[in-house]
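Here the structure is laid out as structure tokens; the discussion comes afterwards.
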Amino acid sequence: MAGFSFRSAGESHGEAILAFLEGVPFGLELDVPAIDAELRRRQGGPGRSARMNIEQDRAEVVAGVYRGRTSGAPLVLRIANADRSLERLPPLHRPRPGHADLAGAQRFATSDVRPVVERASARETAARVAAGAVARQVLRPLGVEVAAFVLSIGGSEPAEVPLDFVAAVKRRDLSDLRTPDAAKEEAMRQRIEAACRAGDTVGGTFLVCAEGVPAGLGSVEQWTSRLDARLAAAMMSIPSVKGVEIGEGFGNASRLGSEVHDPIHGVSGEKLFARPSNRAGGLEGGMSNGEAIWLRVAMKPLSTLRNPLETVDLRDGMAGSPEPQRSDVCAVPAGSVVGEAMMLIVLAQVFLERFGGATIEDLSAAVRQQSEHRKQRFFVEGHSPGS
Ligand code: EPS
């Protein structure tokens, strides 16, 4: 199958989490320490569980690399679990409201939900972050940068969507909450601490942006290939994510068309077209339009509560509380790192679908060629842009 694909395997307390990637072009000098740096970012943030002190996630290359470069073969990365207690852990009979437990128990007709829980655990997202780090190494030389920013936690007043991406990344990297807005940070921290004291959990929102994506990726021809839909599905697949908004999606629903759509201006130089606003989030007609792509993601509070909700025992139907389990109070900063990875994975897919490329050189030559071709096709009939 052509193109870039990613799948994962592994249980939360099994041997390891595995990332399988296909379609990574031949000849990429794989920067494994850069993958490990992204795995460390996923483990950070206030309100994470004690598991984060047990694990020091690192990617080990199992297949697909020859003398430090990708060989064009399937690439397999392994993130070993330090906590490998799977076979010693007790069965779980009382499903947690909000988790996969009850739905999974019914799917498999099992009164022990442990096997469901092990795969549903957000530990699986370590594989996504590793795969996203590889996708970043494919896309960065093509001029694509992706970043995510935490906007709110537990109902705190949301941070503004940053306009200057580079400056926002610098500010975000100084914040353990991964927010670019220092003034909003204290309120976020307080919500996490209050939830922790109450044996409760908090969710929140984050922003995911991509710059440098050429226009026309994705397609208008089929619902399955629309880039907005693919990005939304990828975000929605992150555990706890329950909402995705492309650009000003929800706000636009209550405005007039003239207040919503972004005017088109012609400009000379590399870019050809300029949009004075970007309420569409860089996506029109299911395709990238050459502006920055941006979307907002909503995460529900995690469902393992120290002060739990009622449930039933699947063996006898008696009312009770879920068995106590370790969990985070807040995983929104980690979720933002995973959102960044999912954006990178989907963009690597659409790049490789559009431009192909058995090798890294083929891919960058095809991207350059399309950009040249566009320049020859627009504004050539004697008018200068903007006239
Ligand atoms: C997580 C690993 C898990 C949880 C958490 C995230 O490890 P453990 O169950 O051993 O504490 O801390 O999982 C969940 C939030 C969840 O809903 O399952 C991780 O590596 O991110």
Report task. Kindly indicate whether residue 312 is within 16 Å of the ligand (Cβ to nearest atom) and of a type outside the set (Asp, Glu). Result -> no
**Report entry** Candidate set: segment 195-238, residues that are assigned to a loop (DSSP other than H, G, I, E, B) and open to solvent by 40 Å² or more (accessible area, probe 1.4 Å); chosen: the one farthest from residue 288 (Cα to Cα)
**Finding:** 198
Query raised in the report: Within segment 343-360, is even one residue of a type in the set (Phe, Trp, Tyr) and under 19 Å from the mean Cα position of the chain (by Cα)?
Result: yes
Report summary line: Subset of segment 163-194, residues open to solvent by 30 Å² or more (accessible area, probe 1.4 Å), part of a loop (DSSP other than H, G, I, E, B) and touching a residue at least 12 places away in the same chain (Cβ under 8 Å), comes to 176, 181
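For segment 273-285, what are the residues that are of a type in the set (Gly, Ala, Ser) and either without any contact (Cβ under 8 Å) to a residue 60 or more places away in the chain or crowded, with 18+ Cβ neighbours inside 10 Å (or both)?
Listed by number, the residues that qualify are 274, 277, 280, 281, 282.
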Report task. May I ask you to list pairs of residues, at least six apart or on different chains, whose Cβ atoms are under 7 Å apart, with the first in segment 255-270 being more than 27 Å from residue 373 (Cβ to Cβ) and the second being open to solvent by less than 90 Å² (accessible area, probe 1.4 Å)? Result -> 260/252; 260/279
Query - Condition check for residue 335: surrounded by 15 or more Cβ atoms within 10 Å (Cβ to Cβ) and assigned to a loop (DSSP other than H, G, I, E, B) - result: no
**Report entry** Subset of segment 291-303 that is in contact with a strand residue (DSSP E or B) (Cβ under 8 Å, 6 or more places away or on another chain) and surrounded by 20 or more Cβ atoms within 10 Å (Cβ to Cβ) - its residue that is farthest from residue 209 (Cα to Cα)
**Finding:** 299
Requested in this report: Confirm whether residue 268 is of a type in the set (Ser, Thr, Tyr), modelled with pLDDT of 95 or more and surrounded by fewer than 19 Cβ atoms within 10 Å (Cβ to Cβ).
Outcome: no
Requested in this report: Could you look through segment 50-66, keep only residues that are charged (D, E, K, R) and more than 10 Å from the ligand (Cβ to nearest atom), and pick out the one that is farthest from residue 84 (Cα to Cα)?
Outcome: 60
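Quick check on residue 321: is it within 16 Å of the ligand (Cβ to nearest atom) and on the phi < 0 side of the Ramachandran plot?
The answer is no for residue 321.
Against the condition at pLDDT 95 or above and surrounded by 15 or more Cβ atoms within 10 Å (Cβ to Cβ), how does residue 54 come out, does it pass?
no
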Query raised in the report: Just to be sure, is residue 306 open to solvent by 60 Å² or more (accessible area, probe 1.4 Å) and either touching a residue at least 24 places away in the same chain (Cβ under 8 Å) or closer than 18 Å to residue 163 by Cα (or both)?
Result: yes
Query raised in the report: Within segment 250-265, can you find the residues that are under 24 Å from residue 298 (Cβ atoms) and surrounded by fewer than 13 Cβ atoms within 10 Å (Cβ to Cβ)?
Result: 250, 251, 253, 254, 255, 259
Report task. Could you tell me which of the residues 14, 3, 47 is within 16 Å of the ligand (Cβ to nearest atom), part of a loop (DSSP other than H, G, I, E, B) and within 22 Å of the chain's Cα centre (by Cα)? Result -> 47
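Here is a yes/no grid of residues against (1) part of a loop (DSSP other than H, G, I, E, B); (2) among the β-branched types (Val, Ile, Thr); (3) open to solvent by less than 50 Å² (accessible area, probe 1.4 Å); (4) in contact with a strand residue (DSSP E or B) (Cβ under 9 Å, 6 or more places away or on another chain):
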{"position": "19", "(1), (2), (3), (4)": "no, no, yes, yes"}
{"position": "35", "(1), (2), (3), (4)": "no, yes, yes, yes"}
{"position": "38", "(1), (2), (3), (4)": "no, no, yes, no"}
{"position": "83", "(1), (2), (3), (4)": "yes, no, yes, no"}
{"position": "91", "(1), (2), (3), (4)": "yes, no, no, no"}
Report task. Kindly list the number of the only condition in (1) part of a loop (DSSP other than H, G, I, E, B); (2) open to solvent by less than 10 Å² (accessible area, probe 1.4 Å) that fails for residue 134. Result -> (1)
Report summary line: Being closer than 22 Å to residue 12 by Cβ, at pLDDT 95 or above, open to solvent by less than 40 Å² (accessible area, probe 1.4 Å) and among the β-branched types (Val, Ile, Thr) narrows 144, 116 down to just 116
Query raised in the report: If you scan segment 241-277, which residues turn out to be part of a loop (DSSP other than H, G, I, E, B) and touching a Pro at 6+ places or on another chain (Cβ under 8 Å)?
Result: 262, 263, 267, 268, 272, 275, 276, 277
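The values are calculated or read from the model by the stated rules, or taken from the named source; none is laboratory data. Everything numeric in this text was worked out from a predicted model, so none of it was measured. Cβ atoms come from the backbone with ideal geometry, glycine included; neighbour counts cover every protein chain shown. Note: areas computed on protein heavy atoms with side chains; ligands, DNA, RNA excluded. Shrake-Rupley method; radii C 1.70, N 1.55, O 1.52, S 1.80 Å.
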